[in-house]
Structures are given as C-alpha cells and as structure tokens.
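The values are calculated or read from the model by the stated rules, or taken from the named source; none is laboratory data. Please read all numbers here as calculations on a predicted model, not as lab measurements. A quick note on method: Cβ atoms are made from the backbone with ideal geometry, for glycine too, and the neighbour counts reach across all protein chains shown. Each accessible area value is taken on the protein alone, full model and side chains, heavy atoms only, with ligands, DNA and RNA left out. Shrake-Rupley method; radii C 1.70, N 1.55, O 1.52, S 1.80 Å.
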Amino acid sequence: MASVIDPERHADLITLQQRVHALFDELDAYTGEDRQGMRERVRQAAAEKEAALYASGLVEEHGYFLASQDLHKAARAAAQHTSPAAAQD
C-alpha cells in the first residue's frame, strides 16, 4: 500500500515530524538540570505537529494510525536521504 504522505505536498508535516524526532533525540541525550523544560519543548513541538496533521485532513481521510505511521516513515526516509552519510553513498 502506498503511503498517504506525499513528500512534496506534505513537506511541512515531514519537517515538523523531523523536528519532533530531533527533540526526542536531544531529550534522550540531555544531562542538564532543566529536564522538565526540555520535556516541555518536546511536548510543544509534538502538539504543533499533531495539530498540523489533523489540519491537513489526512487523519479524517485515512485515520490517525495510518497518517501518523506514514508520517513517521516519511520523516525518517527524508532524513536518511538528506543526511551527510547518505550523500557519500
């Protein structure tokens, strides 16, 4: 089954999802004292992405699970495609 995420049409959603992924990675590595503040940054980014996903109409058209999973996959694929390591291949 083809993805419900079109890389060109949904580039803004992919960017938001990549930001959430990056912030979660940052949170995992965070050793500072303001861990609660860092968690709040992640929560806000995730909420912004969720709102955009619903506003896109994808959830209404395809259901939350499929839209969300395809967005995660598209964001990971786009990150691999644009990473410096991928450019060396």
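General observations
- Average accessible surface area per residue within the range 25-67, 1.4 Å rolling probe, Å²: 69
- Point-charge dipole on Cβ atoms (K/R +1, D/E -1) for the chain, about Cα centre, debye to 20: 100
- Charge sum, other residues only, whose C-beta stays under 12 Å from V4's C-beta, Lys/Arg counted +1 and Asp/Glu -1: -2
- Residues T82, T31, sorted by accessible area with the largest first, give T31, T82 [1.4 Å probe; ligands and nucleic acids excluded].
- Loop-located trypsin sites (Lys or Arg not before Pro) in the chain (DSSP state not H, G, I, E or B) with no more than 13 neighbouring Cβ atoms inside 10 Å: R9.
- When the helices of the chain are scored as -39500 (n - 2.57) per DSSP H run of n ≥ 4 and the total is divided over every residue, the value at 222 nm lands at -25000 deg cm²/dmol.
- Applying a DSSP loop filter and a limit of 14 other Cβ atoms within 10 Å to the GluC sites (Glu not before Pro) in the chain leaves E8, E33.
- Computed on the chain, with alpha-carbon pairs under 8 angstrom and 6+ residues apart, the relative contact order is 41 percent.
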